[in-house]
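Please read the structure below before turning to the comments.
The values are calculated or read from the model by the stated rules, or taken from the named source; none is laboratory data. These numbers come from a predicted model, not from an experiment. Cβ placement follows ideal geometry from the backbone for every residue including glycine, while neighbour counts extend to all protein chains displayed.
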Amino acid sequence: MKKTEHQPVAFITGGSRGIGYGIAEQLANAGYDLAINGLRPEEAVREALESLRSRGSEVIYCPGDIASTHDRATMIQHIRGHFGRLNVLVNNAGVAPKERRDILEATEESFHHVLSTNLQGAYFLTQATANWMISQRAEQADFWGCIINISSISATVASVNRGEYCVAKAGLSMATQLFAARLGEYDIPVYEVRPGVIKTDMTAGVTTKYNDLINSGLTIQKRWGLPSDVGKAVAALAKGDFPYSTGQVIMVDGGMTIPRL
């Protein structure tokens, strides 16, 4: 990694639990200071924050809804005021449909709920962060920054009972390419990490289903993915280990999406 005067700073949306927390742990291990976003009050995530601090990172909490224009601006302002810098944005926060429904019956309300967080919020948070990174690069010749979007195999694997989620992740995949193309002149790479079936609280309700599917060959590697699997991929990208791969997709799915006969 290209070093700055201070430890580099990473902002992880949805970073207090699940995949986001696995990412935060790996970035803390890699020497990052952290800004963690979540919807819960700080008291509810204190244990997670303290665990990250025990790894040597300075950690601040940025509560807020990334679907909110006001909350996004407040979070960026908090990071700017506390650290004065930002090297990595990880767009990880996401929601599932409150109720899975066939696309012939799904509601506009559910579509808006999912896309406003999973796509629109990430898109405009990236816009704000990208402009800040451009300014930092103009002020600091050796500035290193990147943006990492956490999508899903659902970007290309159709699930007709949660179409809004698939559409959002497909849109985030295109957003990765768009921002990669736009930020190329500033040498700010943008990446997409595409997890498969990951063991988190979001998948807890379908544990038995996916245990059976994995044992039956759903994935080539016959185990659940872990948040740390995603975190290690993100850390490698954040550290600059793939400097000439902007716009690319990193699969973390145990071989699930490899076509097989």
| field | Search result, residues across region 35-57 that are in contact with a Phe, Trp or Tyr (Cβ under 8 Å, 6 or more places away or on another chain) and not in a helix (DSSP H, G or I) | value | Ala35, Ile36, Asn37, Gly38, Ser57
| So which residues in region 7-48 are closer than 20 Å to Gly240 by Cβ, surrounded by fewer than 22 Cβ atoms within 10 Å (Cβ to Cβ) and among the hydrophobic types (A, V, I, L, M, F, W, C), if there are any at all? | Ala30
| remark: Conditions (1) part of a loop (DSSP other than H, G, I, E, B); (2) touching an Asp or Glu at 6+ places or on another chain (Cβ under 9 Å); (3) without any contact (Cβ under 8 Å) to a residue 60 or more places away in the chain -> Ser16 fails only (2)
| task | Determine which single condition Ser151 fails, assuming it passes every other condition in (1) without any contact (Cβ under 8 Å) to a residue 40 or more places away in the chain; (2) of a type in the set (Ser, Thr, Tyr); (3) closer than 20 Å to Tyr21 by Cα. | result | (1)
| said: Kindly evaluate Ser245 against the criterion of being over 23 Å from Ala30 (Cα atoms) and at pLDDT 95 or above. | reply: no
| message | Here is a check on your reading of the model: is Thr126 under 19 Å from Ala73 (Cβ atoms), in contact with a strand residue (DSSP E or B) (Cβ under 9 Å, 6 or more places away or on another chain) and at pLDDT 95 or above? | response | yes
| said: Quick test of your reading of the structure: Gly240 fulfils all but one of (1) free of Cβ contacts under 8 Å to residues at least 60 places away in the same chain; (2) out of contact with any helix residue (DSSP H, G or I) (no Cβ under 8 Å at 6 or more places or on another chain). Name the failing condition by number. | reply: (1)
| Is region 72-89 home to any residue that is small (Gly, Ala, Ser) and over 24 Å from Ile134 (Cβ atoms)? | no
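Run down Ala158, Ala175, Ala138 and say which single residue is in contact with a helix residue (DSSP H, G or I) (Cβ under 8 Å, 6 or more places away or on another chain), without any contact (Cβ under 8 Å) to a residue 12 or more places away in the chain and small (Gly, Ala, Ser).
Result of the check over Ala158, Ala175, Ala138: Ala158.
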| field | In region 78-124, residue farthest from His6 (Cα to Cα) [restricted to those that are in contact with a helix residue (DSSP H, G or I) (Cβ under 8 Å, 6 or more places away or on another chain) and among the basic types (Lys, Arg)] | value | Arg101
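Condition check ((1) out of contact with any Pro (no Cβ under 8 Å at 6 or more places or on another chain); (2) not aromatic (Phe, Trp, Tyr)) across all residues:
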{"residue": "Phe143", "(1), (2)": "yes, no"}
{"residue": "Cys146", "(1), (2)": "no, yes"}
{"residue": "Ser152", "(1), (2)": "no, yes"}
{"residue": "Val193", "(1), (2)": "yes, yes"}
{"residue": "Gly196", "(1), (2)": "yes, yes"}
{"residue": "Thr208", "(1), (2)": "yes, yes"}
{"residue": "Leu213", "(1), (2)": "yes, yes"}
{"residue": "Leu218", "(1), (2)": "yes, yes"}
| request: Please list, ordered by first then second residue, the pairs with beta carbon atoms under 7 Å, 6 or more apart or interchain, first in region 63-76 and free of Cβ contacts under 8 Å to residues at least 60 places away in the same chain, second in a loop (DSSP other than H, G, I, E, B) and loosely packed, with under 14 Cβ neighbours inside 10 Å. | output: Pro63/Pro41
